[in-house]
Amino acid sequence: MGGAISVIALSPRGTMYDPSAVFYMNKIVTGPEAADVIDITAPPAENVKRVAKAKKVSVSDITVVVLNRPRHQELLQQLRDAGARIRLIQDGDVAAAIHAARPGTGVDLLMGIGGTPEGVITAAAMTCLGGIIQGQLHPRDDAERQGAIDAGHDLTKILSTRDLVNSEDVFLSATGITDGELLKGIRHTSFGAVSHSIVMRGQSQTVRIIETEHNIKR
């Protein structure tokens, strides 16, 4: 599988949203330039237009990343009708979300339904990058829906970056396992291995790209 990463996010105890009640979440993610204009309750075409206006480009220059799943057929059609570019991915919406929030990646938005735990990790990344995620829990079936309601969750609530990670004291680290657009995968050498990582800090919004040589004989 291309683009596989190992990722961890840290923040003070009690500041991360508990993702256990509902496995999936509808998400929209973008970077700092358009952080104030997106609205997950608006039609996809409207969000694309808003991001294009914020970035001072045409809608046809906006690229939206979407997980390649049957559940996204309607979303994809709306994006096509709007005139946006679409990039389908098989997995890895955390890496795609980071791309959407960083300059010069060719990605402007992430949209669609993906894992709730990945949504929390994405919120940590957005805290470090100045981007934004909005999410809404998306139960798989009536049993999960009722379980979430019984646990006190409001399924109509729009979850913001701060709802998902309620702190700026955030760290995120991701290392490439296989080659992807965000990170190179592990490369084996005569002395061991070389890894490629991205490390972020929320309070300073510092991003470091690190290449590490590992001596497996030590």
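Every number in this text was worked out from the coordinates using simple rules, so none of it is lab data. The structure displayed is predicted, hence computed values, not measured ones. Using ideal geometry, Cβ is built from the backbone for each residue, glycine included, and neighbour counts are taken over all protein chains shown.
Shown in residue order for segment 68-85 are the 3J(HN,Hα) couplings computed by the Karplus curve 6.51 cos²θ - 1.76 cosθ + 1.60 at θ = phi - 60°: 7, 9, x, 5, 9, 4, 5, 4, 4, 5, 5, 5, 5, 4, 6, x, 7, 7 Hz (x for Gly and Pro). Cα centroids of segment 1-55 and segment 174-218: 24 Å apart. Taking amide H atoms as placed 1.01 Å from N in the peptide plane, the amide H of Gly3 lies under 5 Å from those of Thr178, Asp179, Gly180, each 5 or more residues away in sequence or on another chain. Just add up the charged neighbours of Val207: K/R +1, D/E -1, any other residue whose Cβ is under 9 Å from the Cβ of Val207. Cβ neighbours under 9 Å give a net charge of +3. Computed 3J(HN,Hα) for segment 167-179, one whole-Hz value per residue from the Karplus formula 6.51 cos²θ - 1.76 cosθ + 1.60 where θ = phi - 60°, is 6, 9, 7, 10, 10, 9, 9, 9, 10, x, 9, 10, 4, glycine and proline marked x. Here the chain yields Rg over Rh of 0.99, to two decimals, using C-alpha coordinates and the Kirkwood radius.
Net charge of the neighbourhood of His188, taken over other residues with C-beta under 15 Å away and scored Lys/Arg +1, Asp/Glu -1, is 0. Of Lys27/Lys56; Lys27/Lys55; Lys157/Lys184, which ones are farther than 27 Å apart at the Cα? Table pairs above 27 Å Cα-Cα are Lys157/Lys184.
Largest first and in whole Å, what are the equivalent-ellipsoid semi-axes of segment 105-218 based on the Cα gyration tensor, each being the root of 5 times an eigenvalue?
Numbers: eigenvalues 231, 61, 35 Å².
Taking √(5λ) for each Cα gyration eigenvalue gives 34, 17, 13 Å.
Per-residue 3J(HN,Hα) values for segment 123-133, derived from phi via the Karplus relation 6.51 cos²θ - 1.76 cosθ + 1.60 with θ = phi - 60°, read 4, 4, 5, 5, 4, 7, 9, x, x, 9, 10 Hz in sequence order (x marks Gly and Pro). For segment 1-93, applying the loop criterion from DSSP together with a ceiling of 13 other beta carbons within 10 Å to the trypsin sites (Lys or Arg not before Pro) yields Arg13, Lys56.
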